[in-house]
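Taken together, the values in this text are just the output of simple stated rules run on the coordinates, not laboratory data. What you are looking at is a predicted structure, and each value in this text was computed from that prediction instead of being measured. Don't worry about glycine lacking a Cβ; one is built from the backbone with ideal geometry, like all the others, and counts go over all protein chains shown.
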Amino acid sequence: FDYNASLSPKTISLTGNYVDITGAPVSGSYTIPPYGSVILIKSGSVLGSSTYHFTQTLKKGMTNNEVKELQNYLIKNGYLSIPTSTNFFGNQTLNALKEYQKAKGLTPDGIVGKETRIKLNN
């Protein structure tokens, strides 16, 4: 997080790769407008739960960055076979999540609820 409390734009230098709150990639530098702020999250090639903390209930039909991180985790751990993650929770993600839940001794309901989040974040 950074805040610019001046009348002029403020450029910050970044080491590594980041994503903003919309999931857009950011690297190199970022210019914060006057009296503006930015929140950036450090990213890696595949984030998964080792660097990503799941916080939302996720289910089929949802579209957001946390779904994309779930897909990254499922791909990395061999449950989901798609060429690249998206941010859409469709049938392939649903089936992969159910397989993960079965393997972890969870109810295979295809929803990332409290118990599934605990497993993903550990």
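For the range 61-111, take the convex hull of the Cα atoms, compute a quarter of its surface area, and give me that in nm², please.
Values: hull surface 12.3 nm².
That works out to 3.1 nm², a quarter of the Cα hull's surface.
So for Thr57, Thr15, Thr93, fewest C-beta neighbours within 10 Å to most, what's the order?
Working: Thr57 13, Thr15 8, Thr93 26.
Placing the least packed residue first, the sequence is Thr15, Thr57, Thr93.
For a footprinting-style exposure proxy, rank Ile21, Ile41 by other Cβ within 10 Å, fewest first.
Details: Ile21 10, Ile41 15.
Going from least to most buried by this count: Ile21, Ile41.
Using θ = phi - 60° and the Karplus form 6.51 cos²θ - 1.76 cosθ + 1.60, what ³J(HN,Hα) does each residue of the range 81-97 get, whole Hz, x for Gly and Pro?
10, 10, x, 8, 6, 10, 10, 10, 8, x, 4, 5, 5, 4, 5, 5, 5
Give me, ordered by chain and number, the residues 5 or more places off Val26 or on other chains with an amide H under 5 Å from its own placed amide H.
So Val26 has HN proximity to Tyr18, Val19, Asp20.
As a quick test, which of the pairs Lys10/Lys76; Lys42/Lys102; Lys68/Lys119 have an alpha carbon distance above 28 angstrom in this structure? Walk me through the numbers before you get to the answer.
Values: Lys10/Lys76 37 Å; Lys42/Lys102 31 Å; Lys68/Lys119 17 Å.
Table pairs above 28 Å Cα-Cα are Lys10/Lys76; Lys42/Lys102.
In whole Hz, with x marking every Gly and Pro, tabulate ³J(HN,Hα) for the range 63-72 from phi via Karplus 6.51 cos²θ - 1.76 cosθ + 1.60, θ = phi - 60°.
9, 6, 5, 5, 4, 4, 5, 4, 4, 4
Over the chain, what is the relative contact order in whole percent, taking alpha-carbon pairs under 8 Å and six or more residues apart?
Computed over the chain, the figure is 21 percent.
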